[in-house]
Amino acid sequence: MTSTTDSRDPISRYLDALRARGASPSTIRAYRSDLRQYRRWLDAAGVALDAVDQRLLRRFAAYLGSLNYAPATAARKLSAVRSLHAWLRERGISDVDPAAVVPGPKRVRTLPATLSAAETSALLESRPQESPRDLRDRAALELLYGCGLRAAEACGLRLSDLALDELELRVTGKGGVQRVVPIGVQAADVLDCYLRQGRPQLAGGRAAEALLLSVRGRPLHPSDLRRSLDRALARAGIAHRSPHALRHTFATHLLEGGADLRSIQHLLGHASVGTTQIYTHVSVRHLRAAHAASHPRA
């Protein structure tokens, strides 16, 4: 092992490095939890972090398998461990990277949960009371479905990111990468109503940069957004969905309406079009329905 002058815990240093690279708070939280679990397992095995070898990593992968995690969860945990060891080698804290030749679990690509067109209309057209919170919740729904934002992206929006006159929205996505997303006319009307009749009351005269505010005038948190969606789903009589389901619905409806993958990739802020290609599998349902309704030998 190569010596280092920084005596802090290597995992803490690695998380600091991730933060400096622009990793999102949710990524930092997930990696911190995963790496703490890894450290506890190493401690129980009596092995130091810089003494891990390939055999031990395979044992850890088998241990994760014994816990019956979903494939995506196990893959994320192993990804955190692999990234940590690569960083340790890069920084000279460890002489080798034992994870370099240890394959991760095969990931099963599941189809994203989406809402049908009828469910989406019912959700967006359900009319709660016109309180400031209700107006904010309607604006949030339009950002999730009308613009395809992640919950963290919607909560991170500032007033200066919104250009209603140009029907545009500047979004800061993963890794701090910015993109410009168009706003539909209906979404713009809802956002304008919130800005005029809802947000001033929520702000209560306080200076606030966040677009979406809590009832206490603070920036909205993703957990608040989940609760607001739960209220809207209950009013519309729709089963529970996550905020991410509206983002998936946004992409699926675009594809079924004829949008190309590259455009959808930009709108979603995906670094690779490969990530966006999962929606081609979702749209097969739409194609089958069209085939059944239109082909004489269907």
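For this structure, a couple of remarks:
- The gain in end-to-end length when the Leu159 to Ala51 segment is fully stretched comes to 33.9 nm, 0.36 nm per residue minus the alpha carbon separation.
- Chymotrypsin sites (Phe, Trp or Tyr not before Pro) restricted to DSSP loop in region 40-69 with at most 16 other C-beta within 10 Å: Tyr69
- Estimated FRET transfer efficiency when R0 is 22 angstrom, pair Arg216-Leu167 (beta carbons, to 0.05): 0.10
- Under the convention that each Lys and Arg Cβ holds +1 and each Asp and Glu Cβ holds -1, the size of the dipole of the chain around its Cα centre is about 880 debye.
- Here the relative contact order of the chain, from alpha carbon pairs under 8 Å that lie six or more residues apart, stands at 18 percent.
- Two-site FRET efficiency, Leu42 against Gln201, from Cβ-Cβ distance with R₀ of 45 Å, rounded to 0.05: 0.30
- Leading residue at positive end of dipole, the chain (Cβ point charges), from Leu144, Ala45, Ile93: Ala45
- Label point distance in nm, Thr275-Ala117, each placed 7 Å from Cα along Cα→Cβ: 2.9 nm
- Exposed-site-free run, longest, the chain (rule: GluC sites (Glu not before Pro); DSSP loop; at most 12 other C-beta within 10 Å): 1-129
- The slack in the chain from Arg21 to Ser131, taken as 0.36 nm per residue of separation less the alpha-carbon distance, amounts to 35.6 nm.
The numbers here are math on the coordinates, done by the rules we state, and not lab data. This is a predicted model, so every value here is computed, not measured. A quick note on method: Cβ atoms are made from the backbone with ideal geometry, for glycine too, and the neighbour counts reach across all protein chains shown.
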